[in-house]
Structure formats: structure tokens, C-alpha cells
Amino acid sequence: MSTAYPPAILLMGPTAGGKTALALELAERWPLEVVSVDSAQVFRGMDIGTAKPDAATLARHPHHLIDLISPEESYSAARFRDDALAVMAEIAARGRVPLLVGGTMLYFKALREGLSDLPGADPALRAELDARAAARGWPALHAELARLDPATAARLHPTDAQRIQRALELLTLTGRPPSQLYTGARHAPPPWDMLPLALVPAERAELHRRIALRFDAMLDDGLVEEVRALRSRYRLLAELPSMRCVGYRQVWEYLEGRLPAAQLRDRGVFATRQFAKRQLTWLRGMADAAVFDAPGPALFEAIARHLDRPGGA
């Protein structure tokens, strides 16, 4: 990489694709500090369903930007960008390299390209959209979005309530398609020499197998009990971003009696697979990322060679 700017490594990939294990291996080899790029790991108390690193791992390799807010609060791409740039500057001041790891692709996009000046949430409008969704279903609102902004609708799943709602909210408040709004960044790209790495499994079936195994492990580790404890500790609603996270939404529906216990596992696995599919769609749009198969026995050495090459990290 160029020496004109501080270096930063971006490690992106779908859920259950092996990012965390690889990041820890890389941090053992180079003077790196891990920065989480995960919109679910920012919530305190949401550990099992977000696959947060355990205490022993965090003691050896502290992760920045996890456990920032309560599940009652909201976090945004704009706040992530500000927080990430501040942490990255601190890491560089220590003579180390930021390793940004995660699967929240909008956060990576915001970091690299900046954000538009977007209006904040409108509670009344959101309540109206929720009422329309309750009457017609989120797929119907997704179809409405597709007519008004095909580019945005194409990257959203028809049941992705949070993002469909935000897109329609922006359309109503600004009169412009969100796909156009996000192209007018108010911030210039940050002064970092970023090296994007993408873990993209060659075999989709293998990723699906890993997703199923991980969701099974989450259930065995107490995901249902974790959500039950969160509901008793905080004043939570199904509409909050925290409870819309994959896995948490399905457990919420189960605890509310709207999802039979026999269907919880399959619904959670299916939702995670759909989430991974959206992540891979984002990754295909990042033409400058170096792509590696994930997982695999030669993965670490392949990336190590890439980083060790002239101009690498």
C-alpha cells in the first residue's frame, strides 16, 4: 500500500464465512487491532446471537466498537463512520494497523465513500408505514419501493422491514430515491490507504452448512434464554433495530407465541441464509476487493502472501 496515508485492512464477508477466526490469526502475525464492523455487536447483552468473541478472545485481542449501546437504542452508519475514524486514528497513533472486520456492508460503504445529508427518523411516518405493513405485508411495501427506486429494492429482501421502511421514509421526506441520495456524499473519502479483502465461499452449499451449524450452536448456547433475559431487563419492542437482527427476530416471534418451537430453528437458519445472500450481493459490487475463498486450509497463507507482497500491509 501507499505510504502517503496510514494503512487499514478491511476484512469483509458473509455471516459464518470465517472472518473472525481469520482476523485473530492475522492479529497474531502483525501489529493489528480489530475494529468490529457489525451493526448487531454494538448492542450490550446481545452476545450469543451476534457471535461476539468470548472473554478470553477479547482479553487477548480487544475488539473496538462492540457493546456501545443498549438494545433500546439505535445506531447508524453515520455514527459508525465517526466512531470508526476516531478509533482508527487512535490505533495508528499507537503505531498499529486497524483491521476492520465484519459483515455490515453499509458501514463499510459509509466509511469508504461518506454519507449524504439525510433526514432523521420521522416517528409519525414510521408509524404509518408500520400500519401499512401490518395491513398489507412488507413484501407489498417492497413492491412499492421497487416501482419508485428499483436500484434500492433490488438489494433488499422483501421482508427486510427495517431497510424497506427507511427507504420509503427517505423517499417521502426528500422526494428522491435513496439510491440517488447515497451518491451525494457530504464527506470526502477518509485519508486512509485501505486494503479491502473479501471472503467469498466458492461453494454456497458449504456456507449454508456452516450457517446451520452456527445457528444450532447458538440455540444450544442459550439464544432463547438470552432474548428472554433481554426482554426482562430492557423495555424492548419488536420494531427496535436490536430485535430486528437475524436470529433475535425469530426468537422474539417464538416468545410471543407467533412462531411454533418446531419451526424456530428452520426459520432462523433460513433468515440467516437470506442475510448472507444480501451480504454477498454487496460484496460483488466492490470491484477493488481482493477475493478469497472461505473457509479453507490455505486461506490464511493466501491472505498472508497478499498482505506481505510489495505495497501490502
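All of the numbers you see were taken from the coordinates with simple rules; none came from a lab. Note that the structure is predicted; figures quoted are calculated from it, not measured. Because the Cβ atoms are built from the backbone with ideal geometry, glycine has one as well, and the counts that use them run over all protein chains shown.
Which shape class applies to the range 19-74: rounded if a/c is under 1.5, otherwise prolate when a/b exceeds b/c and oblate if not, where a ≥ b ≥ c are the square roots of the Cα gyration tensor eigenvalues?
Prolate is the answer for the range 19-74, as a/c is 1.5 or above and a/b outweighs b/c.
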TODO: Using packing as a proxy for protection, rank 281-291, 222-232 so that the peptide with the highest average count of other Cβ atoms within 10 Å comes first.
DONE: 222-232, 281-291
Open item on the list: Run lengths n ≥ 4 of DSSP H only: what is the helix-derived mean residue ellipticity at 222 nm for the chain, with -39500 (n - 2.57) per run over all residues, to the nearest 500?
Closed with: -16000 deg cm²/dmol
Task: Overall form of the range 123-179 per C-alpha gyration tensor (a/c, 1.5; a/b vs b/c) - done: oblate
Task: In Hz, Karplus ³J(HN,Hα) per residue of the range 197-213 (6.51, -1.76, 1.60; θ = phi - 60°; x = Gly, Pro) - done: 10, 10, 8, 10, x, 5, 10, 4, 4, 5, 4, 4, 5, 5, 4, 4, 4
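Computed FRET efficiency, Cβ-Cβ of residue 255 and residue 73, R0 22 Å: what is it to the nearest 0.05? The partial results should precede the final answer.
Details: r = 21 Å, r/R0 = 0.96.
My answer for the efficiency is 0.55.
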TODO: Determine, for each peptide in 93-105, 265-277, the mean count of other beta carbons within 10 angstrom over its residues, then list the peptides with the highest first.
DONE: 93-105, 265-277
Open item on the list: Could you work out the pair-distance distribution P(r) of the range 44-115 from its alpha-carbon pairs, with 10 angstrom bin width and percents rounded to whole numbers?
Closed with: 16, 47, 34, 3
Task: residue 136 paired with residue 262, simple spin-label distance in nm, labels 7 Å along Cα-to-beta-carbon - done: 3.5 nm
Open item on the list: Cβ neighbours within 10 Å, averaged per peptide: list 28-38, 245-255 in order, most packed at the top.
Closed with: 245-255, 28-38
- [ ] Taking every pair of Cα atoms in the chain, average 1/r, invert it to obtain the Kirkwood radius, and report Rg/Rh to two decimals.
- [x] 0.95
- [ ] Taking the Cβ of residue 96 as the centre, find all other residues whose Cβ is under 14 Å away and add up their charges (Lys, Arg: +1; Asp, Glu: -1).
- [x] -1
- [ ] Please find the FRET efficiency linking residue 94 to residue 205, where r is the Cβ-Cβ separation and R0 is fixed at 35 Å, and quote it to the nearest 0.05.
- [x] 0.25
